[in-house]
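Colleague: Quick one: this structure, given as structure tokens, is what I'll be asking you about.
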Amino acid sequence: MAESNVAKTLILQGRSDGGTLERATAKARRAFRNSVAILLFLAAWEIAPRTGIVNVTFFPPFSEVVSAWWGLLRDGDLQDHLAASLTRSISGFLLANLIAIPLGLAIGWWKTAADYLNPFLELMRNTAALAILPVFILLLGLGETSKIAIVLYASLFPLLLNTISGVKNVDPLLVKSARSMGLSSISLFRKVIVPAALPTMFVGIRQAGASSILVLVAAEMVGATSGLGYLIQYAQFSFLIPQMYAGIITISVLGIIVNYLLLALERRLTGWRQTYGE
Amino acid sequence: MTIESKISIRHVHKAFSVKRGSKPFKAESQPVYALQDINLEVRQGEFMVIVGPSGCGKSTLLDLLAGLTKPGGGQILLDGQAISGPNLDRGIVFQQYALFPWKTALANVEFGLEAKGVGRRERRETAQRFIELVGLGGFEHRYPHELSGGMKQRIAIARSLAYDPEVLLMDEPFAALDAQTRETLQSELLRIWEATGKTIIFITHGIEEAVYLGQRVAIMTSRPGRIKRVIDIPFESRRSEEDLRSNPDFVKLRHEIWELLKDEVSRAQEQEKSKTLDAYGEGKSSAKGGARHG
């Protein structure tokens, strides 16, 4: 009896060991699948200039870019420019959220307003933010205001449109069901409309997050004395090619981090639909 | 007689103005009567089934009972008081469950209690009790998309019962379920009805379902909806009968209702055809439509 119990425990242990091993290999396989394309790309970047396939002056090997990046970090230049860019995009992005989410909720709730305003908002969204950068510079000058304003503009419309459509497309049956329980308009809004619209709103938040960085970098290239866009532009003019690439890489990584953070926030707030999977 | 009625529906009318045709000159709105002179008395604790062809205004009637819309004429009384709007004294169960997908089963059941202003502790206990009542103990923390259709409808029933309404209104609640789940839920509903003693108004287009569940069955006509007949279903205890559906009396009643509904169903289908033709214009599409139906 006792022996058989021991045997059982052993079997169970063996099985669970197998389980962790299997899980570890699955994890490793996934890590490989996710990184292999990037690693190959970096390898090509390293080898191509060294073998003379591309001009080493304009396309320095990846290791040189990394050491240039490290140099910028040691001097503190990178942090300064990064901080300048982040301050601008975060302020613009947050301001856009503060304006667009309440406004979008109100417009979506009031369907007639939404029907009238939607074509106009679509027009505004499809007007490339950079195309009206000159207008911002004319009106607001070259300082911080025009840069925050352009980020605000670029983030505003995806946020607004997605919030409106989120509210408009709430399942009417849920509204009916909540109304049949005698909910007041305010609690209906708070307890049904907003949570039901949240997934669609997050599509807008992620789009806005991405464009707040994209637009800012371009704006910084036109008339700024700090920021990652300026760093790239300046490095190019000064023929500091590895530093230029270092700036570009910083922006890519920043974009990935922002998207990752917003995704994590989205998962936290709309975890109930996680199993649908993306 | 009227004093012991839980719900009295008296001379209720409901019309919608519908724009007919797609051309601007034809687009004169004309009223379409959904319900015409509905009269029905439902007793305290009674299980009343309303059966009718599709498009006969059954759901309109339910919306009126729920207080979500107002009748064009006549009145609906609950315990002698006219219904003035939605209220927690009536609970609704919809065909498509209408559970909040961002809430767990337990939180869904708590929703109505929250609206009623019940405190947190008591809310949780009550919700738990009703989840046990519908036989889903252990599934409290699942989200709706993690539950099967039958389970979702059980949770929806628990949600409506939890805030202790006077009347439970059910709008084809089992129509979206597969046949086996439906039969299980039908007998479960009878058990719950016996356990809680609620007055239930149950809307369906299924004749067998009507005879199986109802103490009385009201048969509606095609549009404009009227009550054609109310039939008593005299089975004492449905759940003790092994196979009630093959009982000769059951078969006879089913046939009787089928006879009453037969003409209404074919008229409703005719109405639907002509409505479809109207909506898509007369030209080519009418020939197509005709061919498809013929």
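Colleague: Among (1) over 25 Å from the mean Cα position of the chain (by Cα); (2) more than 10 Å from every other protein chain (Cβ to nearest Cβ), where does A:SER165 come up short?
Modeller: The one condition A:SER165 does not meet is (1).
Colleague: Of all residues in region B:96-112, how many are over 18 Å from A:THR270 (Cβ atoms), more than 8 Å from chain A (Cβ to nearest Cβ) and not aliphatic (A, V, I, L, M)?
Modeller: 2
Colleague: Okay, moving on. Of these, A:LEU183, A:LEU262, A:LEU228, which one is open to solvent by less than 30 Å² (accessible area, probe 1.4 Å) and farther than 23 Å from A:PRO158 by Cβ?
Modeller: Every option except A:LEU183 fails the conditions.
Colleague: Which condition number in (1) under 16 Å from B:PRO165 (Cα atoms); (2) assigned to a loop (DSSP other than H, G, I, E, B); (3) away from every other protein chain (no Cβ under 12 Å) is the one that B:THR126 fails?
Modeller: Looking at each condition in turn, B:THR126 falls short on (2).
Colleague: For region A:233-244, state whether one or more residues are in contact with a Phe, Trp or Tyr (Cβ under 6 Å, 6 or more places away or on another chain), away from chain B (no Cβ under 14 Å) and modelled with pLDDT of 90 or more.
Modeller: Within region A:233-244 (the criterion being in contact with a Phe, Trp or Tyr (Cβ under 6 Å, 6 or more places away or on another chain), away from chain B (no Cβ under 14 Å) and modelled with pLDDT of 90 or more), the answer is no, since none of the residues qualifies.
Colleague: Are there any pairs, at least 6 apart or on different chains, whose C-beta atoms fall under 7 Å, with the first in region A:171-182 and closer than 9 Å to B:ALA98 by Cα and the second at pLDDT below 90 and open to solvent by less than 40 Å² (accessible area, probe 1.4 Å), and if so, which?
Modeller: Matching pairs, first to second residue: A:LYS176/B:LEU68.
Colleague: Hey, another quick one. Can you pull out every residue in region A:168-200 that is within 14 Å of B:SER160 (Cβ to Cβ) and among the polar types (S, T, N, Q)?
Modeller: Selection gives A:SER177, A:SER180.
Yes/no matrix, rows are residues, columns are (1) surrounded by fewer than 21 Cβ atoms within 10 Å (Cβ to Cβ); (2) within 23 Å of B:LEU106 (Cβ to Cβ); (3) not aromatic (Phe, Trp, Tyr):
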site	(1), (2), (3)
B:SER160	no, yes, yes
B:THR181	yes, yes, yes
B:GLY197	yes, no, yes
B:ILE207	yes, no, yes
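Colleague: Condition test on B:ALA82, is it crowded, with 23+ Cβ neighbours inside 10 Å and away from chain A (no Cβ under 11 Å)?
Modeller: Spelling it out, it is not the case that B:ALA82 is crowded, with 23+ Cβ neighbours inside 10 Å and away from chain A (no Cβ under 11 Å).
Colleague: Now a separate question. Quick one: is B:ILE131 buried (at least 20 other Cβ atoms within 10 Å of the Cβ), more than 14 Å from every other protein chain (Cβ to nearest Cβ) and among the hydrophobic types (A, V, I, L, M, F, W, C)?
Modeller: The answer is yes for B:ILE131.
Colleague: Moving on. Mind listing just one residue for me: the one in region A:186-198 that is closer than 13 Å to B:GLY112 by Cα and open to solvent by less than 20 Å² (accessible area, probe 1.4 Å) and, of those, farthest from the other protein chains (Cβ to nearest Cβ)?
Modeller: Residue satisfying both the conditions and the ranking: A:LEU188.
Colleague: So, in region B:43-75, of the ones that are touching a residue at least 24 places away in the same chain (Cβ under 8 Å) and basic (Lys, Arg), which residue ends up most open to solvent (accessible area, probe 1.4 Å)?
Modeller: B:ARG43
Colleague: Evaluate the following for A:VAL215: is it within 14 Å of chain B (Cβ to nearest Cβ) and open to solvent by 10 Å² or more (accessible area, probe 1.4 Å)?
Modeller: When the stated conditions are applied, A:VAL215 does not pass them.
Colleague: Looking at B:ILE203, is it away from every other protein chain (no Cβ under 14 Å), assigned to a strand (DSSP E or B), on the phi < 0 side of the Ramachandran plot and touching a residue at least 12 places away in the same chain (Cβ under 8 Å)?
Modeller: yes
The values are calculated or read from the model by the stated rules, or taken from the named source; none is laboratory data. Bear in mind that the values here come from a model prediction, so they are computed numbers and not experimental data. Backbone-built Cβ (ideal geometry, glycine too); neighbour counts: all protein chains shown. Note: accessible area is taken over every heavy atom of the protein model, side chains too, but ligands, DNA and RNA are not part of it. Shrake-Rupley method; radii C 1.70, N 1.55, O 1.52, S 1.80 Å.
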